[in-house]
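Asks: Before we start, here is the structure in question, set down as structure tokens.
Just so it is clear, none of the values below were taken in a lab; they were calculated from the coordinates. Quick caveat: nothing in here was measured; it's all calculated off a predicted structure. Cβ sites come from the backbone with ideal geometry, for glycine too, and all protein chains shown count toward neighbours.
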Amino acid sequence: MATWSNLTYTLSIHNSGPDTASNVTVNDPLPSSTLFVSASTTQGSCSGTSTVSCSLGTLANGGMATVTIVVTPTVEGQITNTASVTAAQVDPDSSNNTSTATTTDILPPLYSAKGQRADVNDFLRFAAPTQSTTDLPAGTTSYKVIIYYGSTINPATFAATLNGAPFSGFAPAPGTSQRVTIPLGHGRNVLLLTVDGVRSDGRTATERDRLTFVVP
């Protein structure tokens with residue numbers, strides 16, 4: 001069981017022989033309930049953010065490489081991730097070429113703006129920031145907003161402005177989450193978000209959130 005934090009998947013690829021393996025490739029289609037953070041390997045290179053593909057090149061008999069993939073979970077409950085490895089040669093024992101890991105994730109309480117009905121406040125919730133005004137270190141130039149969209153929002157009504165100018169970095173969809181990097185300058189940076197959604201009584205309402213980021 002994991003509390004809400006990054007998940008790290010460590011894949012150990014070992015060539016048990018008897019031959020050298022060439023064109024060794026690891027593929028990991030990441031669960032849809034996660035956000036990609038990073039991928040690295042001790043040999044070769046990795047690419048992709050929804051499916052991570054790592055080209056390891058050649059592994060001699062007995063050779064080993066390690067792939068490390070970091071993701072952020074976006075839902076509570078079980079998250080299952082399956083990765084596989086292939087090579088140009090026929091593997092006499094392919095039973096260990098696939099690995100699956102399952103974790104149970106618990107999200108923390110998410111921040112909802114105040115001032116409206118609770119069900120309206122929940123149209124937009126945040127894992128970051130966790131308050132209406134966030135004080136940041138001097139020289140900060142960006143901030144990663146982690147936003148959770150309510151299941152009844154109407155994406156067509158969503159609007160965002162940053163310091164009074166339209167901001168197009170958000171891609172709202174009901175019941176999903178997103179990490180959005182916003183640029184920041186010296187002083188007070190104000191992010192305004194609005195969206196319509198359906199309340200628990202079936203009526204339509206509008207949520208308006210004001211998030212302020214202060215850079216001294």
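Asks: If the label point is 7 Å along Cα→Cβ of Thr58, which residues in segment 74-106 have backbone nitrogen under 20 Å from it?
Replies: 86-92
Asks: Each label point is 7 Å from the Cα along the Cα-to-Cβ direction; what then is the distance between the points at Asp135 and Ser168, in nm?
Replies: Spacing of the two 7 Å Cα→Cβ label points: 3.7 nm.
Asks: Report the antiparallel proportion of the DSSP beta bridges in segment 118-215 as a percent, rounded to a multiple of 5. Write out the running numbers ahead of the final one.
Replies: Working: 31 of 34 bridges.
Approximately 90 percent, going by the DSSP bridge assignments.
Asks: Out of [x] 17.8; [y] 18.6; [z] 19.8, which label holds the value of Kirkwood radius over Cα pairs in Å that was computed here?
Replies: It is the value labelled [z].
Asks: What's the ranking of 177-187, 28-38, 135-145 by average number of surrounding C-beta atoms within 10 Å, highest first?
Replies: Numbers: 177-187: 14.7, 28-38: 17.0, 135-145: 12.6.
Highest to lowest by the protection proxy: 28-38, 177-187, 135-145.
Asks: Moving to a separate point now. Can you compute the FRET efficiency between Thr161 and Thr42 using 1/(1 + (r/R0)^6), with r the Cβ-Cβ distance and R0 = 45 Å? Round to the nearest 0.05.
Replies: On the way: r = 45 Å, r/R0 = 0.99.
The pair Thr161/Thr42 has a calculated efficiency of 0.50.
Asks: Quick check on packing: order 92-101, 9-18 by the mean number of other C-beta atoms within 10 Å, highest mean leading.
Replies: On the way: 92-101: 10.6, 9-18: 15.0.
For the peptides 92-101, 9-18, the packing ranking is 9-18, 92-101.
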